[in-house]
Amino acid sequence: MGQKEYLQDRREYSLVPATQRNFNYFSYASDDGTTYNIRSAVEWAANAATGLSARTNGAPRYIKSSQQSPRMFIYRDPTTFRTISGPVGTTTAYAAAALGDTVAVFVPGLAAAVNYELVKKVPENVPTTIVGRQDPDHA
């Protein structure tokens, strides 16, 4: 029992490659017509139903906050009830999707892709300005 066996055992366990999400910036068209660059998983953006396309050079970065959030899709695996979610790049893609639509997702540890169903469409949330009452001056 030497180092050779230890390395042999170690190689045996390291045969499975680590699956990790890769991120990039993609073009996001806000409901008000402004184009932003939004950060998303590359695997999510590869799905045509999300409406995400290559980033727009010079466009500002979309920063999610408690007052501002992008429109999103939430998909769920009907067997395990695991969910995935991500931004939707265009209003056209958002309107075209229907609850129950499916997307194939590669799950770490499984050989085949798993079908997830669209269970919720989350609309865009943008900050608004509320104008107070404008009472006339009584002179």
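Listing Ile130, Ile38 from fewest to most neighbouring C-beta atoms within 10 Å gives Ile130, Ile38. Between Ala111 and Val126, the modelled label-to-label distance comes to 4.9 nm, taking each label 7 Å out from Cα in the direction of the beta carbon.
Full extension of the chain segment joining Asn24 with Thr79 gains 16.8 nm, where the gain is 0.36 nm per residue of separation less the Cα-Cα distance.
Cα gyration tensor of segment 30-139, axes a ≥ b ≥ c as square roots of the eigenvalues: rounded (a/c below 1.5), prolate (a/b > b/c) or oblate?
It comes out prolate by the Cα gyration axes.
Projected label points at Ala48 and Ala95, each 7 Å from Cα along the beta carbon direction, are separated by 1.9 nanometres. Cβ crowding within 10 Å ranks Tyr36, Tyr116 as Tyr36, Tyr116, fewest other Cβ atoms first.
Bear in mind that the values in this text are calculations on the coordinates, not laboratory data. Source: prediction; values computed, not measured. Heads up, the Cβs are rebuilt from the backbone with ideal geometry, glycines too, and the neighbour counts pull from every protein chain shown.
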